[in-house]
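Asks: Shown below is the structure under consideration.
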């Protein structure tokens with residue numbers, strides 16, 4: 001076993017604590033990132049940013065803020081590198097109060113903590129402060145702060161990659177620590193609208209066709225959940241109906257299909273589509289009159305797959321950084337999508353680095369200061385490589 005190594009960089013743990021706390025206590029639910037965007041604009045300028053640009057993505061996302069693109073000049077000749085974090089949080093995320101017990105951060109219990117993704121932002125800020133104070137040599141650094149990640153990666157989807165000069169970078173956005181995500185699935189979003197025939201459920205049910213029953217019949221014939229080692233499917237939302245005594249003539253259900261394989265994603269999506277069409281068509285053959293059951297199916301590409309090879313610069317740089325720190329970093333393929341999926345589709349080779357956050361999207365969310373410090377160390381080592 002290797003002896004415990006000393007901290008390589010002069011990270012100020014209490015300052016890091018203060019930064020993380022301040023960030024978490026700025027309300028920034030999706031579509032309402034204005035306050036944290038203004039805070040980061042002022043802070044990045046104070047830290048010596050060459051430029052802080054807000055793009056025009058708000059016109060398309062519906063947020064009250066655009067994405068921020070921050071540039072810091074290099075002190076040595078070196079290829080630029082970028083880092084990315086999202087500014088928005090899920091709800092309940094208003095009025096967060098951070099509590100610290102030893103090295104553990106939590107919220108007061110009726111809100112999230114906001115470590116997703118303010119842990120990443122806090123580590124980036126401390127990284128910049130250490131670089132500046134210790135006069136550590138580095139190439140050009142670019143930072144992308146996106147909006148509306150939690151509601152469909154909207155900020156990233158409406159980001160112009162021409163704003164960024166760097167070709168490789170890291171999205172700081174995953175649970176655990178010393179984990180690097182190098183693969184994530186593609187996803188299709190489904191919206192299925194089933195039309196039946198309304199009728200009074202007690203007086204003349206024979207005249208109706210339940211859109212709810214049609215949808216249920218189709219779903220019952222499908223495999224959902226884990227489809228294979230690369231793929232999943234789920235329906236999570238259902239809307240419709242007017243009253244308990246009226247046979248519903250309209251039901252809308254929403255779901256998704258994910259897969260690391262584009263071919264499987266296409267095939268599983270086709271099977272779901274065919275199942276609904278078959279059930280509704282079968283029912284329509286038994287209904288006389290001008291009103292017929294029908295189905296409308298919308299399939300939207302939610303995000304593309306990402307996969308980085310072991311020998312890419314963006315991966316190798318993390319390996320070298322881990323060697324500098326004498327730490328083991330695990331490279332994994334994940335089951336969820338993030339801004340990194342979108343950035344990779346732009347040709348910006350992006351790996352995802354875990355930030356130490358845990359139990360995210362719940363009121364039990366927590367973060368260990370020791371992990372946040374380790375994340376900051378890893379970022380500094382990546383810069384050093």
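Every number in this text was worked out from the coordinates using simple rules, so none of it is lab data. Keep in mind that this is a model prediction, so the values were computed, not measured. Every residue, glycine as well, gets a Cβ built from its backbone with ideal geometry; the counts of neighbours run over all protein chains shown.
Asks: Under the rule of -39500 (n - 2.57) per DSSP H run of 4 or more residues, summed and divided by the residues of the chain, what mean residue ellipticity at 222 nm is obtained, to the nearest 500 deg cm²/dmol?
Replies: Only helices count here, giving -10000 deg cm²/dmol.
Asks: Take the alpha-carbon centre of segment 111-155, take the same for segment 320-385, and report the distance between them in whole Å.
Replies: Here the two parts' Cα centres lie 11 Å apart.
Asks: Next question, about the same structure. How long is the gain from residue 242 to residue 300 if the chain were fully straight, where each residue apart is worth 0.36 nm and the alpha carbon distance is subtracted?
Replies: My answer for the length gained is 18.1 nm.
Asks: So what is Rg over Rh here for segment 187-303, counting just Cα atoms and using Kirkwood for Rh? Let's see the in-between values first.
Replies: Details: Rg = 15.4 Å, Rh = 14.9 Å.
A ratio of 1.03.
Asks: Now for a separate question. Between residue 385 and residue 104, how many nm apart are label points set 7 Å from Cα along the C-beta direction?
Replies: Distance between label points: 3.3 nm.
Asks: By DSSP, what percent of the beta bridges with both residues in the chain are antiparallel, rounded to the nearest 5?
Replies: 75 percent
Asks: Neighbour counts of other C-beta atoms within 10 Å: give me 174, 10 arranged from fewest to most.
Replies: Fewest to most other Cβ atoms nearby, the residues stand as 10, 174.
Asks: With 10 angstrom as the radius, rank 231, 338, 28 by how many other C-beta atoms surround their C-beta, starting from the fewest.
Replies: 231, 338, 28
Asks: If you build a Gaussian network model of the chain, linking Cα atoms that sit under 10 Å apart, which residue out of 11, 76, 181 swings the most?
Replies: 76
Asks: What residue among 355, 146, 101 shows peak mean-square fluctuation when the chain is described by a Gaussian network model with Cα springs under 10 Å?
Replies: 101
Asks: Between segment 270-307 and segment 88-105, what's the alpha-carbon centroid distance in Å?
Replies: 43 Å
Asks: Compare the peptides 30-39, 291-300 by average per-residue count of other Cβ atoms within 10 angstrom and give them in order, highest first.
Replies: 30-39, 291-300
Asks: Just rank 135, 167, fewest to most, by other beta-carbon atoms within 10 angstrom.
Replies: Ascending Cβ contact count within 10 Å gives the list 135, 167.
Asks: Suppose we keep just the alpha-carbon trace of the chain; what are its Rg and Dmax in angstrom?
Replies: When restricted to the Cα atoms of the chain, Rg and Dmax are 24.3, 82 Å.
Asks: Most mobile of 191, 290, 118 per a Gaussian network model of the chain (Cα springs, under 10 Å)?
Replies: Highest fluctuation of the listed residues: 290.
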